[in-house]
Structure formats: C-alpha cells, structure tokens
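Okay, structure first, notes after.
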Amino acid sequence: MPEPNPGKDIIQNIRKTLKGRVDNVIGNAFKPEINSADYLPEFDDLPELIFARNLVRVGGKFSFCLDKKELLAGLADLYQEKKWEAIYTPEQSIKVLLDMAGIPNYSDMHRIKEMDAAVSACEYLIARTGSVMVSSAQIKERRMLGFAPIHIVIAYTSQLVNEIKDGIIGIRENYIKMPSMVSTITGPSRTADIEKTLVQGMHGPEELYVFLVNDK
C-alpha cells in the first residue's frame, strides 16, 4: 500500500478546485475577481492632495513644486539644511537634476554603503495609499532601497495614479517584458518585531521625501 503523500493530495485538490476556472488563471497568478471600486470610497479631493495626506499619515515628507525651478530650489534647500556629504543616485536623469541644483553626488555602486541619502525617480505614485511604486527596470541598483538611510523620490504629476492596480497596468504597458521586481514603498521602513517596539530604518530608509513636480 503506497504511503500517503500530503503534498500530492494538496496539489490534486488545487487542480480539482481550479478545473473549469481556467479563465481566472494567468500563469501562476489569479485575476482579481473583486473590483476595488465596489468597496473603496470614492476620492473626495484631487489625487495630489490625497496622495500627500496619505504619505504624511505613514510618516513620509511631501513637497509640491510648480515647476523644475522650484524643484531645484527645494532640493538645494534640503541639502543645505541637512548638510549631507554623500548623495547617491543610480539614475542619469536624477544626476543631471542634482548637478543643476549644485548638489555633489556620485553613482559608484562600490560606495553605496557610504551614502547619507539616495535620490531616485519612480514608476508611479499611488494616491490611495500614499505609496511610491518602483521597479528593477527603473532602479538598476536595487540595493539602494535597503542601504539608503534617507530616500528622496522625484516624481511628476503625470505619474500619479489612484490605485496600485493602475500602476501595475501602466508598468505592463511601458515595458515589453515585465520587470523582475515591482515594489511599493509606503513611508519610512519600520518594524515592531523586536520586543514589540516600533523601530524605524531597520530594513530601509529612516526618512522618505517625495518631491512632486507639476508637469501638466
């Protein structure tokens, strides 16, 4: 008599359950059967304001810039206030902005642990949760997300979407192949695993800044 195989039984039960429901399966992922609009409240304000409120609610810091000139001035003021020495960015477009703002910076990945702060772009901003969506296609050096004590994100109003699903749809449309990593950053890194005491910066940045630039 063959020995029972719990793993095999589980797989068979899954297959039996899914039989006739192939339309709901894409590779190893399921299509959502619930429309978020059915249970989430409608927005009662501009997405920019909703994003700002939700970002601040989770501990992030927000600055709205009417144009690139205001962005450069805001970056320069923050740099002078904090007196950072090592600013890291993995993106050429961000390096250009930092240079224009007169902020010394470097992109050498071998010095990634030396940084006082990191500056990056993003894929999208999620108004509903106040989150920043990033991907491996946009941030080439993903170790930055774990090593940066302070993360500064530069985004534009055209990148603001209502829901996480809108950001995922946008990424699928923007790339021929889906990036290997898509993640959302919601406020500074924090954990309460250590003696149930809230600690910030344990697995990522202690502070998160978002500069939102009007490009509409």
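Can you find, within region 95-104, the residue that is surrounded by the fewest Cβ atoms within 10 Å (Cβ to Cβ) among those that are within 22 Å of the chain's Cα centre (by Cα) and over 14 Å from GLY74 (Cβ atoms)?
VAL96
I'd like the full set of residues that are under 24 Å from ARG142 (Cα atoms) and of a type in the set (A, V, I, L, M), limited to region 41-77.
LEU55, VAL58, LEU75
Assuming HIS151 fulfils every condition listed in (1) outside any strand (DSSP E or B); (2) buried (at least 16 other Cβ atoms within 10 Å of the Cβ) apart from one, which condition is it?
So HIS151 meets the others, but not (1).
Just the residues that are surrounded by 17 or more Cβ atoms within 10 Å (Cβ to Cβ) and either under 18 Å from the mean Cα position of the chain (by Cα) or over 26 Å from ILE112 (Cα atoms) (or both), please, taken from region 65-87.
Going residue by residue through region 65-87, those that are surrounded by 17 or more Cβ atoms within 10 Å (Cβ to Cβ) are 65, 71-72, 74-75, 78-79, 84, 87.
Scanning region 65-87 gives a single hit, CYS65.
Which of the residues spanning region 65-91 are in a helix (DSSP H, G or I) and within 20 Å of SER158 (Cβ to Cβ)?
Passing the criteria: LYS68, LYS69, GLU70, LEU71, LEU72, GLY74, LEU75.
How about region 182-205: which of its residues are modelled with pLDDT under 90 and surrounded by 13 or more Cβ atoms within 10 Å (Cβ to Cβ)?
GLY187, PRO188, SER189, ARG190, THR191, VAL199, GLN200, GLY201, MET202, GLY204, PRO205
The values are calculated or read from the model by the stated rules, or taken from the named source; none is laboratory data. Fair warning: this is a prediction, and the values are worked out from it, not measured in the lab. Positions of Cβ are backbone-derived with ideal geometry, glycine not excepted, and every protein chain shown enters the neighbour counts.
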